[in-house]
Amino acid sequence: MREVIRTASNGIKISFAKNEALHSFCIGAYIRAGSMFETVRDNGISHLYEHAVFRNLKRLYGGKLYSLLSRSGLVLDGDTYKEFMSFTIHGAADGIDFAVDIVSKLFLPLEIDEDEFETEKNRIYCEINEDDEKGTLGWLHGRRCWGGAFPAGGIAGRRSNIERITVKKLDAFRRSVICPGNLLFCVTGNVDEEHERKLIEAVGGVPAGPAAAKRENVVPLKPGFVFGSPDIVLKDSDWYHLMLSFGFDSREIPTNIRELLYSALYDLDDAAFYQELSENDPSAYSYNGTLEQYDNIGCFRLSYETFENLLPKSLEAVVRAIDRIKRGEFDLELNKRKLAVQFTLSLDDPEGLNFDIAYYEHILENSPADWTKPALGRYEKVTMEEMTSAAKRIFTRKNLVFTMRGDRRRVDKAELEAVLSRLG
């Protein structure tokens, strides 16, 4: 299998990584849009457009979109993130003709009547109410991390913003983001030459605007921004939930080293956080770990829940896990193997491979895949010295944002700070 880039007649690029030995396929459309590119006033417009695309398709297929998808063995998904949007169609290989037809209609001008538009807005209002972002620790933590760089309404936006957006304004947004350089199609799995040709033709028929100024995957940080906070921020609660984020300069820490650090700290049961928090002397059973990365900045995040009597102990476990990585007390070759295996498995998963190709090559703009090497040759040359050096630069007290829920009257901040100070 190899990746081939085609360019449709309207200038939009399509990445093909086909494998006709599989029984399924995936077609993805990836657009540089999301809250990173929104102002306070239009925050939420990308997410609303994602919803409107489905509403428009339902109209175009006479209200039978979902039954037609099921009949064809297909799933159509849409997602909006901070830095991009995606629409993916995946399913059984014999459903590809309908998938090609969807591609031809995916980004047509919006012709939604007011009742339909209000219905879709109401769905988003429900999302906003359910998320209740300002009431969550995640919202508070994110504001502390990024210093207000992202709109406070998050990906879903504010209700007052959504109320002001008209179909006309949303269609103008469509024209501004559906253009060469901002939109990439990615095709993976069982697609034959005939359907490759049909897809190129369908993408060429997408009503694309002229190529616009390139949207950079860069967080708009305020002057003087510094990731990290000397304060422990405590939100009152009768249960204990902790969030820790360590910021780093993406220009100084290559993607392959970030991924290996993530693997060593978070991934599977041999990972340092699992071993220290849950296996050796349990103070928390489970945790959530994320790696958020942009072209100028990124962060490693850890989130877990614990009990009041285990609070300092759990934080000591976190520090021990990080110290293990800083000292190189982990199996680097094993973690290279873990990532290589995950990549190998993705070759049999058109949906996962589709996302990986688009994210690494279109959003993060890494070098194109080298299909002749295990795991694309991403990790084989990384040394333990590079790993420990990066860990020592990233996982320090000054780079940390720490927020938590807990009983304010019973949490000893000085005790917790004494533990965190050991990070150096």
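The values are calculated or read from the model by the stated rules, or taken from the named source; none is laboratory data. Note that this is a predicted model, so its numbers are computed, not measured. A quick note on method: Cβ atoms are made from the backbone with ideal geometry, for glycine too, and the neighbour counts reach across all protein chains shown.
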Collect the residues in the range 137-165 that are in contact with a Phe, Trp or Tyr (Cβ under 8 Å, 6 or more places away or on another chain) and either over 22 Å from residue 298 (Cα atoms) or acidic (Asp, Glu) (or both), keeping them in residue-number order.
-> 159, 162
For the range 212-225, what are the residues that are more than 15 Å from residue 150 (Cβ to Cβ), exposed (fewer than 13 other Cβ atoms within 10 Å of the Cβ) and touching a Gly at 6+ places or on another chain (Cβ under 8 Å)?
-> 214
Answer yes or no as to whether residue 48 is surrounded by fewer than 20 Cβ atoms within 10 Å (Cβ to Cβ), assigned by TED's automatic domain parsing to the domain that holds residue 158 and either over 24 Å from the mean Cα position of the chain (by Cα) or touching a residue at least 40 places away in the same chain (Cβ under 8 Å) (or both).
-> no
How about the range 378-387: which of its residues are within 26 Å of the chain's Cα centre (by Cα) and either β-branched (Val, Ile, Thr) or outside the structural domain of residue 264 (by TED's automatic domain parsing) (or both)?
-> 382
For residue 92, the lone unmet condition from (1) among the hydrophobic types (A, V, I, L, M, F, W, C); (2) touching a helix residue (DSSP H, G or I) at 6+ places or on another chain (Cβ under 7 Å); (3) in contact (Cβ under 8 Å) with a residue 24 or more places away in the chain is (2)
Residues being modelled with pLDDT under 95 and either touching a Gly at 6+ places or on another chain (Cβ under 6 Å) or assigned to a loop (DSSP other than H, G, I, E, B) (or both): count how many of those fall in the range 391-411.
-> 5
Would it be correct to say that residue 16 is over 30 Å from residue 149 (Cβ atoms), crowded, with 20+ Cβ neighbours inside 10 Å and either at pLDDT 95 or above or of a type in the set (A, V, I, L, M) (or both)?
-> no
From the list 344, 388, which one is among the β-branched types (Val, Ile, Thr), closer than 30 Å to residue 183 by Cα, touching a helix residue (DSSP H, G or I) at 6+ places or on another chain (Cβ under 8 Å) and not in a loop (DSSP other than H, G, I, E, B)?
-> 344
Out of the range 302-329, which residues are under 17 Å from residue 393 (Cβ atoms) and outside any helix (DSSP H, G or I)?
-> 327, 328
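Residues are listed down the side, and each one gets a yes or a no for (1) acidic (Asp, Glu); (2) under 19 Å from residue 138 (Cα atoms):
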residue	(1), (2)
259	yes, no
262	no, no
277	no, no
280	no, no
286	no, yes
Does residue 322 satisfy the criteria of being touching a residue at least 24 places away in the same chain (Cβ under 8 Å) and within 23 Å of the chain's Cα centre (by Cα)?
-> no
Note: among 209, 147, just one is more than 21 Å from the chain's Cα centre (by Cα), small (Gly, Ala, Ser), modelled with pLDDT under 95 and within 30 Å of residue 124 (Cα to Cα), namely 209
Six or more apart or on different chains, Cβ under 6 Å: which pairs go from a residue in the range 178-192 that's not assigned by TED's automatic domain parsing to the domain that holds residue 360 to one that's among the polar types (S, T, N, Q) and in a strand (DSSP E or B)? Could you list them?
-> 186/15; 189/24
For the range 1-25, pairs from a residue that is within 11 Å of residue 191 (Cβ to Cβ) to a residue that is surrounded by 13 or more Cβ atoms within 10 Å (Cβ to Cβ) and among the polar types (S, T, N, Q), with Cβ under 6 Å and 6 or more apart or across chains, are 17/188; 20/190; 22/190; 25/190
Considering only residues that are outside any loop (DSSP other than H, G, I, E, B) and of a type outside the set (Val, Ile, Thr), look in the range 226-239 and name the one that is surrounded by the fewest Cβ atoms within 10 Å (Cβ to Cβ).
-> 236
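For every residue, the table says whether it meets (1) under 17 Å from the mean Cα position of the chain (by Cα); (2) of a type in the set (A, V, I, L, M, F, W, C).
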position	(1), (2)
254	no, no
273	no, yes
281	no, no
284	no, yes
296	yes, no
337	no, no
Residue 196 vs (1) acidic (Asp, Glu); (2) closer than 30 Å to residue 408 by Cβ; (3) outside the structural domain of residue 362 (by TED's automatic domain parsing): all pass except (2)
Residues of the range 78-95 being out of contact with any Lys or Arg (no Cβ under 7 Å at 6 or more places or on another chain) and either over 16 Å from residue 33 (Cβ atoms) or among the aromatic types (Phe, Trp, Tyr) (or both), in sequence order, are 81, 87, 89, 90, 91, 92, 93, 94, 95
